[in-house]
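Okay, so here's the structure we're looking at.
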Amino acid sequence: MILKRFYDEKLAHASYLVGCPGAGEACIIDANRDLDQYIQAAQAEGLRITKVTETHIHADYLSGSQELAEVTGAELLFSDEGDADWKYDPAIKATLLKEGDSFRIGALRFDIWHTPGHTPEHITHILTDEATSSEPVAAFTGDLVFVGDVGRPDLLEEAAGIMGTAEPGARRLFHTLERFKSLPDSILIWPAHGAGSACGKSLGGSPVSSLGYEKLSNWGLRHNTEEEFVKDVLAGQPEPPVYFAQMKMRNKMKAASFRNRVVPAQLTDPTLAKDAVILDVRPSINYLGNHVTGSLHAPVAAQGFTTWAGWFVPYDSPIVLIALDADDARQAVKDLRMIGLDHVVGFFTEKALAAFPGAGMELRSTPSVPAGSCAIEEGSLLDIRGLGEYVLHHHPESTHIPMGYMAKNKDKIRFDAKTFVHCQGGTRSPVAISVLERMGHQNLVNVQDGFLGFNLALPETACV
């Protein structure tokens, strides 16, 4: 058996190639839109991709499964579980899978378990290598079980807006996990996400685990009562990015082809940016030093780039990039396409910024100061961290609004006074500043060392 894991650090997403050398065939599980990585890996092993499948309708990235199947001629296999709201589009040409079904490539058999809870249609692929044993050896768990965590059951309610689904989902998840624990302790768990994903609250960094180890270490598998589990699994989940709802909708529909599109050209005429959303993907120090007024900012080198773009870049607008160079622009385009932000019409380099005022677009800079230098007045310190971070420790004079929810809480932000914006360590605050500036705030200061700086600058009792 051949097994290869593909991991996108910015999405914290894992997908898999499972191959049978004897048959010369491979199956791809939970593919993203970087199709070439799967095709090239299969070719390197002398395999043909003959099956493409998914564990569920994903919320955090745009699936590449349909197009991969089309390009390779592989059979597409999707879940047919769940209610009518969570069925794949009938226009998709796919083999539908239910509890008890199985498929195979050579000596490898994949048995399908319906594993609802994270989502109603979720399935798990239980792998048996019949060339070596009649016992299952691995489970591709999708968003059911992670290393150190379990899938969150509240996304349909929190991200997709389907009210009243979180608690029933949590109860289904408890019973699904009880069944899952009946598998052999030796079975390997290959999940769809790792540390940093918003699809759970405490995902570990290891790429693989065993069921036996997870029974000992994973909080989600150690509950004895349903009520305790429901309470714990719904508490402390991170804020889901707003683009999750877009992904849920698009991933169950017939996909449009996007391969072989030309990388956007370098632009020199700033008037081309007037009707577009300007996304500045340079390092934050460059953005703060000089940027187009009203541009959004997310540094392409940051692990959070894709998520931040999904939070704030509208899906119905053309996008123009400001990048250090063509390499950064190409990387940004690739990352944006992972979540379906495909309409990038071009990019400007940093040198081109000087021409923007002549086209009626102002440039500005944003001051950045250490926490110890902040002259804080009432309502002038904005904490944009997640709720879990804020509850743990925060500055007593701060107003807390998670970065992704600033637009919804505009009435809580003082637009008439200088506002010091901080995150945990200074990485997210420049992103938040770009959003606040786009909302019309004219007097912003970046706290360059974030809450960690306040912890060092203030007396021990000052932060609660």
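A short reminder: the numbers here are calculations on the coordinates, not readings from a lab. These numbers come from a predicted model, not from an experiment. Please note: Cβ atoms are built from the backbone with ideal geometry, for glycine as well, and neighbour counts cover all protein chains shown.
How would you rank I285, I92, I384, I189, going from fewest to most other Cβ atoms within 10 Å of each one's own Cβ? Display every interim value, and only then the final one.
Details: I285 12, I92 16, I384 27, I189 23.
Ascending Cβ contact count within 10 Å gives the list I285, I92, I189, I384.
Would you please calculate the Kirkwood hydrodynamic radius of segment 224-333 over all C-alpha pairs and express it in Å, rounded to one decimal?
Numbers: mean 1/r = 0.0600 Å⁻¹.
About 16.7 Å, per the Kirkwood formula over Cα pairs.
Where does the chain land at 222 nm, in deg cm²/dmol rounded to the nearest 500, when only DSSP H runs of n ≥ 4 count, each adding -39500 (n - 2.57), divided by all residues? Mind showing how you got there, number by number?
On the way: 13 runs with 112 residues, N = 464.
Taken over the chain, the calculation gives -6500 deg cm²/dmol.
Using 0.36 nm times the number of residues separating L392 and D89, minus their current alpha carbon distance, what extension gain do you get?
Values: separation 303, 0.36 × 303 = 109.08 nm, distance 4.32 nm.
Going from the current span to full extension adds 104.8 nm.
Find which of T399, V345, G450 sits farthest along the positive direction of the dipole of segment 325-456, computed with +1 on the beta-carbon of Lys and Arg, -1 on that of Asp and Glu, about the Cα centre.
Sorting the options by dipole projection puts first V345.
Give me the extension gain from S102 to L363: residue separation times 0.36 nm, minus the current Cα-Cα distance, reported in nm with one decimal. Could you put the intermediate results ahead of the total?
On the way: separation 261, 0.36 × 261 = 93.96 nm, distance 5.93 nm.
Result for the pair: 88.0 nm of gain on full extension.
Just want to confirm a number: the relative contact order over segment 270-362, from Cα pairs under 8 angstrom separated by 6+ residues, in percent. Numbers along the way, then the final one.
Details: 131 pairs, mean separation 31.1, N = 93.
33 percent.
Checking the table K98/K254; K4/K215; K10/K93; K351/K408 against a 32 Å threshold on Cα-Cα, which pairs fail? Mind dumping the intermediate values first?
Working: K98/K254 20 Å; K4/K215 25 Å; K10/K93 30 Å; K351/K408 35 Å.
Result: K351/K408 exceed 32 Å.
I'd like the orientation of helix 429-438 relative to the chain: the angle between its Cα long axis and the longest Cα principal axis, in ° from 0 to 90, rounded to 10.
Taking Cα atoms only, the helix is inclined about 70 degrees.
Sorting S380, S373 on the 10 Å Cβ count, fewest up front, what's the list? Walk me through the numbers before you get to the answer.
Values: S380 19, S373 12.
Ranked by crowding around the Cβ, least crowded first: S373, S380.
Read phi for every residue in segment 414-426 and hand back ³J(HN,Hα) as whole Hz from Karplus 6.51 cos²θ - 1.76 cosθ + 1.60, θ = phi - 60°, with x for Gly and Pro.
7, 8, 9, 9, 4, 10, 8, 10, 9, 10, 7, x, x
Let me know the charge dipole size of segment 2-251 about its Cα centre in debye, to the nearest 20, where only the beta-carbon of Lys, Arg (+1) and Asp, Glu (-1) is charged.
Numbers: 22 positive and 38 negative charges, 62 e Å.
Rounded to the nearest 20 debye, it is 300 debye.
Compute the acute angle (0 to 90°) between the alpha-carbon long axis of helix 326-337 and the principal axis of greatest extent of the alpha-carbon atoms of the chain; round to the nearest 10°.
60 degrees
Can you pull out the trypsin sites (Lys or Arg not before Pro) in segment 55-107 whose DSSP state is coil and whose Cβ has at most 16 other Cβ atoms within 10 Å? Don't skip to the answer; put the middle values down first.
Numbers: sites: K87, K93, K98, R104; in loops: K87, K93, K98.
Answer by residue number: K93, K98.
If I model a spin label at E227 and R48 as a point 7 Å from the Cα along the Cα→Cβ vector, what separation in nanometres do I get?
5.8 nm
Mind checking which lysines have their Cα closer than 17 Å to the Cα of K410? Skip sequence neighbours fewer than 8 apart in that chain.
K418
If you fit an axis through the alpha-carbon atoms of helix 35-44 and take the longest principal axis of the Cα set of the chain, what angle between them do you get, 0 to 90°, nearest 10?
Orientation of helix 35-44: about 50 degrees from the principal axis.
What percent antiparallel are the DSSP beta bridges of the chain, to the nearest 5? Could you put the intermediate results ahead of the total?
On the way: 33 of 71 bridges.
Antiparallel: roughly 45 percent of the beta bridges in the chain.
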